[in-house]
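Worksheet: one structure, shown below.
The values are calculated or read from the model by the stated rules, or taken from the named source; none is laboratory data. All of these numbers come straight from a predicted model, not from anything done at the bench. Neighbour counts run over all protein chains shown; Cβ positions are idealised from the backbone, glycine included. When the accessible area is computed, the model is the full protein with side chains, heavy atoms only, and any ligands, DNA or RNA have been set aside. Shrake-Rupley method; radii C 1.70, N 1.55, O 1.52, S 1.80 Å.
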Amino acid sequence: MLTKAVGRCYACKEMAHCHVLGEVNGPANAQVMFVGEAPGRHGAGKSGVPFSGDESGRRFEALLAVGGLRRADVFVTNAVLCNPLDGAGNNRRPLAREVRACLAYLRGQIEAVNPDYVVALGGVALDALGRIEAHGVTLASGCGALRPWFGRTLVVLYHPGRRAIVHRSVEAQEGDWRRLGEVVNANPSP
Ligand code: SF4
C-alpha cells in the first residue's frame, strides 16, 4: 500500500523520481531499520536498492560487516525516497521542505516494519526522525548513543559516506558499529 502511494508521489518537483521503496529495502519485519539521507545518483538512484552501487553503499556494507550484521536481516531506507539533484545534475542534500514532504512515508515505514532499533545515519536522517518524535539529540552529541524514542530505541551514527570522516575517524565509526552489533545480537527479536 505504502509502496504504491510512494510510486505515485511527485510532491518534490526538483528531484529525480526514483521512488526507492519496496522489497529491496529489506524484510518487512526487520529488527533493525537504517535511515540514510537520500538515494544517490550513482547509488540507489541507479540501482534501485538503498545504499547500493556507490561508495556510500560499499562503506555501509563494510560497516555492517564490522558490526556483525547481515544486510539480508535489516531494513534500509532514506529520509527522502527520491534523488535530490542540483541544476547541474549532481547530488545535493534534500531541502527541509522535501524532508517534510516525505515524512509521512518515513513514519509509515517505521510503523509498518515496527523495528526494535531505528538507526539514524547522519544529520538529515536524525532531523527527519526528530520531526516524527522529538529526541533532543544532535549528531555530534549523540553519536553512538542509544536512547528511547517513538516506542523503540534510536541509535545515532554518522552517515557512511566519505565526508563523515572529517568529523569522526574511521576507527571511531567502526567502534560505533561494533557496539551497535553487540547490542542487536545480544537482544534478538523473539
Ligand atoms: S521524495 Fe518523497 S515526498 Fe518527495 S516526490 Fe519522492 S516520494 Fe514524494
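Some notes on this structure:
- Of Val80, Val99, Val137, the one that fluctuates the most in a GNM where the chain has Cα springs shorter than 10 Å: Val137
- In order along the range 78-89, the phi-based Karplus estimate (6.51 cos²θ - 1.76 cosθ + 1.60, θ = phi - 60°) of 3J(HN,Hα) comes to 9, 4, 10, 9, 10, 9, x, 10, 8, x, 8, x Hz; Gly and Pro are listed as x.
- The range 2-160 shape via C-alpha gyration tensor axes, a/c threshold 1.5: rounded
- The angle between the Cα long axis of helix 96-113 and the main principal axis of the chain comes to about 50°, on a 0 to 90 degree scale.
- 1.4 Å probe accessible area per residue over the range 126-171, in Å²: 51
- Whole-Å distance, taken between Cα centres, linking the range 42-87 and the range 151-187: 15
- The chain - percent of accessible surface contributed by carbon and sulfur, probe 1.4 Å: 52
- For the pair Glu55 and Ala16 in one chain, pulling the backbone fully straight at 0.36 nm per residue adds 12.1 nm over the alpha carbon distance.
- At the residue level, His167 shows approximately 130 square angstrom of accessible surface with a 1.4 angstrom probe and all protein chains present.
- Cα-based helix-to-principal-axis angle, 170-186 vs the chain, degrees rounded to 10: 70
- Most mobile of Glu171, Glu37, Glu23 in a GNM of the chain (Cα contacts under 10 Å): Glu171
- Under the Karplus curve 6.51 cos²θ - 1.76 cosθ + 1.60, θ = phi - 60°, whole-Hz ³J(HN,Hα) for the range 142-154, x wherever Gly or Pro sits: x, 4, x, 7, 10, 8, x, 6, 6, x, 8, 10, 9
- For the chain, a crude dipole built from +1 on the beta carbon of Lys and Arg and -1 on the beta carbon of Asp and Glu, taken about the Cα centre, is about 380 debye to the nearest 20.
- Rounded to 0.05, the FRET efficiency of the Ala145 and Leu85 pair, given R0 = 30 Å and the Cβ-Cβ distance, is 0.35.
- Sequence-separation-based contact order of the chain, relative, with Cα cut under 8 Å and 6+ spacing, percent: 25
- Our estimate of slack between Arg131 and Arg100, defined as 0.36 nm per intervening residue step minus the Cα-Cα distance, is 10.3 nm.
- DSSP bridge orientation in the chain - percent antiparallel, rounded to nearest 5: 35
- Amide H contacts under 5 Å for His159: Gly122, Gly123, restricted to partners 5 or more places along the chain or on a different chain, H placed in the peptide plane at 1.01 Å from N.
- Options Leu146, Leu157, Gly130, ranked by Cα towards positive dipole end of the range 130-190, top entry (Cβ charges): Gly130
- For the range 20-34, 3J(HN,Hα) computed residue by residue from phi via the Karplus equation (6.51, -1.76, 1.60; θ = phi - 60°) reads 7, 7, x, 4, 5, 6, x, x, 6, 10, 4, 6, 10, 10, 9 Hz, glycine and proline entered as x.
- Of all the options Gly48, Gly144, Gly87, the one that moves most in a Gaussian network model of the chain with Cα springs shorter than 10 angstrom is Gly87.
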